[in-house]
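The values are calculated or read from the model by the stated rules, or taken from the named source; none is laboratory data. Computed from a predicted model, the values in this text were never measured in an experiment. Side chains included, ligands, DNA and RNA excluded: accessible areas come from the protein's heavy atoms. Shrake-Rupley method; radii C 1.70, N 1.55, O 1.52, S 1.80 Å.
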Amino acid sequence: MRSGKFTKYSEGVFADYESYGSTSPPEIDITKISVPVAMFVGSSDGLGTTIDNTKVRELLSTVAAFEVLD
């Protein structure tokens with residue numbers, strides 16, 4: 001979550017423009033997720049840190065389980 005936003009996958013400026021009509025991918029509104037979500041987070045995960053996942057948890061109103069694993 002380098003940008004602090006949830007977006008569709010970025011393939012680079014030119015490919016994004018072809019795919020999305022913009023030089024950056026569109027944002028995804030995760031607050032609209034309405035199904036129960038279970039989050040199992042690895043404490044050593046370099047891509048999805050515990051801090052990032054905690055922020056996601058706060059945005060989702062449907063988190064049924066949240067556990068940080070070693």
Taking segment 13-24 and keeping only residues that are assigned to a loop (DSSP other than H, G, I, E, B) and either among the polar types (S, T, N, Q) or modelled with pLDDT under 95 (or both), one is left with Ser22, Thr23, Ser24
Only one of these is of a type in the set (Lys, Arg) and in a loop (DSSP other than H, G, I, E, B): Lys55, Lys5. Name it.
Lys5
Take the residues in segment 7-35 that are among the β-branched types (Val, Ile, Thr) and closer than 25 Å to Glu58 by Cα, then tell me which one is least open to solvent (accessible area, probe 1.4 Å).
Ile30
